[in-house]
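The values are calculated or read from the model by the stated rules, or taken from the named source; none is laboratory data. None of the values given here were measured: they were computed from a predicted structure. As a convention, Cβ positions derive from the backbone with ideal geometry for all residues, glycine included, and neighbour counts pool all protein chains shown. The protein model used for the area step is the full one, side chains on, heavy atoms only, and it has no ligands, DNA or RNA in it. Shrake-Rupley method; radii C 1.70, N 1.55, O 1.52, S 1.80 Å.
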Amino acid sequence: FASQRNLHINVNISDNTFTGNVDNEINGNWILAPTGSIHEARLKAKVKRRLRKNSSRDSGRGDSLSDNGDVVRAVVPPTSPKGKLLNRRSRMGKGRGLPKKGGAGGKGVWGTPGQVYDEDKVDFKDPNYDAEQENCIYETVVLPLDEETFEKTVTPIVQEYFEHGDANEVAELLAELNLGSMRGDVPMLAVSLALEAKASHRELTSRLLSELCECVLTAADVEASFHKLLKELPDLVLDTPGAPQMLGQFIARAVADNILPKSFIDGYKGRVDCEYARAALDRAAVLLRMSRWTGLRIDSLWGSGGGQRPVNQLIKEVNLLLKEYLLSGDTVEAERCLRELEVPHFHHEFVYEAVIMVLESKGNRTLQMILQLLKSFCASTVITVDQLRRGFERVYLDMADLSIDVPCAYSLLEQFVEQSFDAGVINKKLRDLCPCRGRKRFISEGDGGRLKLESC
């Protein structure tokens, strides 16, 4: 055998100390040895396995063997604190394993539920501390509107107001805006939009100006707006030919509502070169004089909207419209007047009154003119099919009472319904619903079916 060396190892296992000599090792290979040497080798291998197991479990702790075989544990901080941070159990080595800080110590947690924090005290030694910011008041700053942004923002507000008619909502929306120097243009924009709208919208605009003058606008803003409108009348006439007369009515209404001074019109006397502005001021002056002398109500100058008018007033206007049509025969004018009433839901009353007028006239001229008018309105869709049907059905239901005043009402209704069906005004179903009374009442057997209108 080659050279030999002696190893002396001290091993401590469970407080039992074993000391032995391993004398036979050649070139790192163990040779046959007595039974005691084999037992020592097994113990050494067992110790090495235990060291490897502990080192893999507690990596980074630096466990090693000393020169005499003792296990040396070096105190080294853990290399990765991540596992330590993710462990939410108490590090004190005691307790029941509950979360640290009662669950209020995790990432993004403000504290335990119900915890109230005191106000932070100002640290005057903080390098970022600024004494000038102690009394600062922070507010949201809304930039003032320029001309382009003003028109894009306020126009939808006014147009929506024409639909719902709530002036308080408009005042709240305008109060949220920083109008700045454009505040005086609000009445001007509202009146410009109303000139192209309906009469009911112009009435709403007059009410809006009166409401806004108390909270959003001042009398000076309203007066400045009407000055600008008078200057821009030549441009407004291009889109609305009746703008001078309408603007005069707006001025008269504003003076009556006490949002324009009475000296507004007098200030233009002898200083107006524009014919349109002169016409508007003259119209306003005439209306104001009529209100003083004849008791004209300026507050109802535009009239009320169709849905806001009393039913009796609508019925009177419908009857007046039909009587004027029978005198003039102008279908276009009758259509315009019906549209201006702004009551499309009430057109069945127009059909009802028209048929009643045919039954009460007992003449062929009225029948033909009313038939021509209904045919024209149905062709232009001024009167819908539903409103036409409801009007005829109302006449059918009232025939028992109508026949008391007009004995030949049934025969006249049958004649009108047949001609309406032939002209395409009503359909077959509505024609078949027409009530009729027995033939013996108006037709004798020897007349060949000829209607006796004279005996009625």
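Data table
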item: Condition check for residue 165: at pLDDT below 90, surrounded by 12 or more Cβ atoms within 10 Å (Cβ to Cβ) and closer than 19 Å to residue 219 by Cα; result: no
item: Matching residues in region 255-284 - criterion: being open to solvent by less than 50 Å² (accessible area, probe 1.4 Å) and either within 12 Å of residue 233 (Cα to Cα) or not assigned by the TED database to the domain that holds residue 222 (or both); result: 274, 277, 279, 280, 281
item: Residue 311 being β-branched (Val, Ile, Thr) and surrounded by 18 or more Cβ atoms within 10 Å (Cβ to Cβ); result: no
item: Index of the failed condition, residue 421 passing every other in (1) open to solvent by less than 20 Å² (accessible area, probe 1.4 Å); (2) in a helix (DSSP H, G or I); result: (1)
item: Some residue of region 378-385 being under 18 Å from residue 419 (Cα atoms) and not β-branched (Val, Ile, Thr); result: yes
item: Odd one out for residue 151 among (1) touching an Asp or Glu at 6+ places or on another chain (Cβ under 9 Å); (2) open to solvent by 30 Å² or more (accessible area, probe 1.4 Å); (3) within 30 Å of residue 341 (Cα to Cα); result: (3)
item: Residue in region 135-146 that is modelled with pLDDT of 75 or more, surrounded by 10 or more Cβ atoms within 10 Å (Cβ to Cβ), in a loop (DSSP other than H, G, I, E, B) and among the charged types (D, E, K, R) present; result: yes
item: Output for region 361-392, where each listed residue is assigned to a helix (DSSP H, G or I) and open to solvent by 60 Å² or more (accessible area, probe 1.4 Å); result: 364, 365, 368, 372, 375, 379, 385, 386, 389, 390
item: Tabulated pairs, region 361-372, first among the polar types (S, T, N, Q), second surrounded by 15 or more Cβ atoms within 10 Å (Cβ to Cβ), C-beta under 6 angstrom, 6+ apart or interchain; result: 366/358
item: Enumeration of residues in region 415-444 that are of a type in the set (D, E, K, R) and either touching a Cys at 6+ places or on another chain (Cβ under 8 Å) or modelled with pLDDT under 50 (or both); result: 440, 441
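Conditions tested, residue by residue: (1) under 19 Å from residue 241 (Cα atoms); (2) surrounded by 21 or more Cβ atoms within 10 Å (Cβ to Cβ).
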site	(1), (2)
193	yes, no
196	yes, no
202	yes, yes
206	no, yes
209	no, yes
217	no, yes
220	no, no
225	no, yes
228	yes, no
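Residue-wise test of (1) out of contact with any Leu (no Cβ under 6 Å at 6 or more places or on another chain); (2) aromatic (Phe, Trp, Tyr); (3) farther than 21 Å from residue 311 by Cα; (4) at pLDDT 90 or above.
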position	(1), (2), (3), (4)
341	yes, no, no, no
397	yes, no, no, yes
400	yes, no, yes, no
413	yes, no, yes, yes
